[in-house]
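Have a look at the structure below, then the notes.
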Amino acid sequence: MSIQRPGRRAFLRGAAGTVIGLPLLESMLDGNGVAHADGTALPCRYFMSQCPTALVTSGSTEEGLTPTQAGFDYDITPVLQPLADHAVQSDVSVISGLFVAPLDVPGGYDVDYHGQATYAIMTGLRSGFSGVNWRPQGLTADQVVANAVGAATLHPYLYYQLDPQPEGHAICYEETTGFDGEPRVVYRGITPQVSPSLAYRSLFMNFVPPDDEPDPQAELERRLRVSSLSYAGDQITALQARLGATDRQLLDEHLTRVRELEMRLLATPTPTGAGCADPMLPDDDPPELGPDLPDQDARADLFVDLIQMAFACDMTRVLSLGGASALTGSGMRHELWNKTGGLHGEVQHSAAQAELDAANRWFVDVYARVIASFAAVPEGAGSMLDNVAAMFVMEGGKGLTPDPLRSGDGGGDSNHSVDNAVMLLAGRSGGLQSGQHLDLTGEDLHPAVVMNTAMRAVGVDETLGEISGTLDVLFDA
Amino acid sequence: MSLSVAVGLATGCYDGATEAEDADGTGSDGGAESGSDGEPDAPEEAEDLPATTAIPRLSRREIEQTIVAVFGISGAAEHYLPEDPRTVINPANGAMEEAFDTIATAKDPSVVFIEGLEGMALQVALEFSADHERVDEIAGCTPSGTWDPACLQSLVEALGLRLWRRPLTPEETAALVAGATEFGEDEDGGQDFAVRMVVQALLQSPHFVYQTEIGVDAGDGLRRLDNYEMVTRLAFSLWGTGPTPALLATAAGSDFDEATLRTLAQEAANDPLADAQMQTFHQLWLRYDELLVTDPELATDMLAESDALLGRALFGDGSAWSSLLVADETFVTPALAEHYGFASTPSEPGWVAYEDDGRAGLLSHGSFLSLSSTAGGETLPSRRGAMLAQRILCQTILPPPPDIDVDAGVEVGEDECKAEAYAIHRESGTCAGCHDQIDPLGMGFERYDGLGRYRELEPDKPGCGIDGEGTVAGAAFSGPREFAALVTDQGLAKRCGVTKLSRFALRGPTELNLINRLDEAFEDSGEDFRALMVALVTDPTFRYRMEQGQ
């Protein structure tokens, strides 16, 4: 069915609809070019890209990601080749030798690699010891940051996902209120937006270019949307009065979301960055290449463009890009690995290491393009990347020995391990120094230390879960 | 061996859990007597109802179908709303369970859903308001001039009734008209904008998105649904869409007596909408449409094969429902027949009788068999057995212990035969509890690879013959034909189908006595699935809901 979509606005289009990044006018900056002329600081952004794989396939200990040379000018490995291809190596630090223990220790996990390890990484909390599997027992890092800085933007956070399959486990968990006889705090997975076109609509449908003349028709449309939402909210409140406590709680949450959307529509955002432009995404998502074979490349392209402008237009300062819905990428298919089981059983466990390296390289390529897109937006005295801390987080590392004290599930599978794990950290927010390989092998530092580092870089004075400390060496002296 | 006995013998991973509370066996016919307040007493059977929400959210599919029925607009819900979860964690045991899209507890009002709902409402409103002919038809009037509040009110009342599945109160109508008047009177607005406001407000209201079942107090925590809630529950159960104007009109009268309700149910069950709902239910239950086949043409042929069998089992002349599992012929294209290795290949798509390789019904189809396969079409007997246990026998299979790496599967040495390796694995103390339950099921299908092809030797191991022998409910079997015969003769598959249907229709847990009554009715009808659906909606408990927190 061809659906007529409501109109949207175009802004600052160049030839053939390309996005133009305009230099921020000097008059808009302070004397040092590091703040707005009115004294408000340039926004700091926190970004995380999640790769739903480990470094190695089952039984393998050799992999193509970890550089051999530490320090600046580290060697570009096959999996990291996209950093060179997109000219961002000097913007990206590699942190290797990270470790999450399959033990009852701070930030550890209770044996079960798939059900627990990812959430130990994402929350910095020990995972699985309360008898709860496949769910964290605390906030994920993005939500910690969103709670600190999210009020400053229309969207306190955004969570997108590369693979269109919605089923499975989220990597971002929020705190909400459940009801089990009485209210209690629960942590629930956030539903990612898997549709680039709908993600675009959410950000840009109400977009108002700064120099536009008032448009009565657009204003009428906006009032219409707000009125209908307001009416729905009133209906929810009226219905709640007739329900039991558990159902009232459910509708409370529904009402909160409705009011939040109403407020976003009322806000009529005006971009603060001169690099902001409507990315003009298409109305529909890319068609599949074949039955159950998404066009992952086209989808990634759209998300890269959208993420760039979500930050450039200060729509949000916290953004997570998940790889797949199911932990380990079950069911995620790509032309590169067109296997019926997706990334998991038939790539991570059954394929040759070269196949997994190729898949990992694809995820690194998406990340590298995001970093490059940040660098392409002029901001302050440099680029938007100067005000970003952007992480690349992998689900697993590589177990070098069958040691149950270092790898999950009894230690028998090098793939089921968060030992010798690698993360990437890009950007120069808060004085981050990019472009170095920091080999932490033997120090058994938790990946949450990298997340703490990113949080510190964007001015969030928090630590993640039970893990404290930052990598001071990654900051300017 | 009956299911109940199998439950008693199970150890380890299998807890035999269904939604059952203690089964006290028989129930009455549920004839209601009027209480002193004029409301009929709740039937005794209703006391066993599990507590459920008063506001189960509609699935995306149900929202889409309702919008199609009311507005004639398709694709809006499917475009804007996120897919409903198809798994849910059982809080009682931590197991990840398959869930129908109707299950209420699997849904939460996420940002993505609320934004999607707003987008959907805006889209439908835009298209509908431009279709003046349809607007006038529903409103029963044509606006005079650019703004006609009286005609708009007619539209509010008519649309409200369809979308909220009950008449709007005067206050609700007045609020909507007042809200729309702002846009109707605006010089840039007019009637179309007012219509848009009404549609957007109605569709985003909780009264549309949730199937409200507040009812009236029936004592002991029970709520008795009113007529509108009753026809709504009936419509969504039998059709997957909201009640038609005709059904809503019957709800406007006095309470249905049993005879009236039975007539309504039978009419509804014979509507083409019910045919589609029955097919949808089976596809969501058996999930063969999730087949793991990368060859698109093969996948298309396999889906057509399974759809054809399902259609014949449900609607074929003289077909019993169990033919879904025991059918001795299948619908294949020439290519699919060749893929399966049939001795005779038809010259065009058509029904072909099975030969002597032990096939029968859906469980022989490549679509279903692929669901437990891996790279290159190889099988995972434990996974296949767990799937059969969960889907065909309604057994609960608990997750493995946390220190077990299920990704690795059972290790089979290069010089080892798979059956031997699995047998040794089952002898391990920690593994036996689950694998004694699931491996015998999967092993009985081992002569059919992950793409449904028959074989008697393991791939690349000519010394490893496959005996394909398994056990189900204490009896030996080999292959789909013998498995299907056992589980249908003992009523196990039928009972599981009844259980699944009740969960699907009632949006959550059900109880053992209801399943017993429906199972008996299904049996008495000669396995007429349409009759089963009638039995569900005419059950004495169908009109009741148990309040949460009792």
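None of the figures in this text is laboratory data; all of them are computed from the coordinates on show. Fair warning: this is a prediction, and the values are worked out from it, not measured in the lab. Using ideal geometry, Cβ is built from the backbone for each residue, glycine included, and neighbour counts are taken over all protein chains shown.
In table form, for the structure just shown:
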{"quantity": "Percent antiparallel among DSSP beta bridges (both partners in the protein assembly as shown, rounded to 5)", "calculated": "70"}
{"quantity": "GluC sites (Glu not before Pro) restricted to DSSP loop in segment B:382-472 with at most 15 other C-beta within 10 Å", "calculated": "B:411, B:414, B:416, B:456"}
{"quantity": "GluC sites (Glu not before Pro) within segment B:302-392: DSSP coil, no more than 15 neighbouring Cβ in 10 Å", "calculated": "B:355, B:378"}
{"quantity": "In the protein assembly as shown, lysine pairs closer than 28 Å at Cα, eight or more apart or cross-chain", "calculated": "5"}
{"quantity": "Cα gyration tensor shape for the protein assembly as shown, rounded if a/c is under 1.5, else prolate or oblate", "calculated": "oblate"}
{"quantity": "Isolated Cys in chain A, by beta carbon distance under 4.7 Å", "calculated": "A:44, A:51, A:172"}
{"quantity": "Within segment B:466-550: Cβ-based charge dipole about Cα centre, in debye rounded to nearest 20 (Lys, Arg +1; Asp, Glu -1)", "calculated": "500"}
{"quantity": "Cβ charges +1 (Lys, Arg) and -1 (Asp, Glu), total dipole of segment A:345-477, debye", "calculated": "360"}
{"quantity": "Relative contact order computed over chain B (Cα-Cα under 8 Å; 6+ residues apart), in percent", "calculated": "21"}
{"quantity": "Crossing angle, helix A:353-375 versus chain A [Cα axis fit, 0-90 degrees, rounded to tens]", "calculated": "40"}
{"quantity": "Cleavage-rule hits (GluC sites (Glu not before Pro)) in segment B:176-248: DSSP loop, at most 11 neighbouring Cβ within 10 angstrom", "calculated": "B:187"}
{"quantity": "Estimated vicinal HN-Hα couplings, Hz - segment A:425-436 in sequence order (Karplus 6.51, -1.76, 1.60; Gly, Pro = x)", "calculated": "9, 10, x, 10, 4, x, x, 4, 9, 9, x, 10"}
{"quantity": "Residue B:476-residue B:328 FRET efficiency (beta carbon distance; Förster radius 30 Å; 0.05 resolution)", "calculated": "0.90"}
{"quantity": "HN-Hα J in Hz across segment B:63-80 - Karplus 6.51, -1.76, 1.60, θ = phi - 60°, x for Gly and Pro", "calculated": "5, 4, 5, 5, 5, 4, 5, 7, 9, x, 10, 10, x, 5, 5, 5, 7, 8"}
{"quantity": "Cβ crowding within 10 Å averaged over residues, with B:112-120, A:245-253, B:75-83 ranked highest first", "calculated": "B:112-120, B:75-83, A:245-253"}
{"quantity": "Karplus (6.51, -1.76, 1.60) ³J(HN,Hα), θ = phi - 60°, over segment A:66-71, in Hz, Gly and Pro reported as x", "calculated": "5, x, 8, 9, 8, x"}
{"quantity": "Shielding by partners - mean other protein chain Cβ count within 10 Å, residues of B:169-179", "calculated": "2"}
{"quantity": "By average C-beta atoms within 10 angstrom, highest first, the peptides A:434-442, A:197-205, A:402-410", "calculated": "A:197-205, A:402-410, A:434-442"}
{"quantity": "Segment residue B:169-residue B:275, extension gain: residue separation times 0.36 nm, minus the distance between their alpha carbons", "calculated": "34.7 nm"}
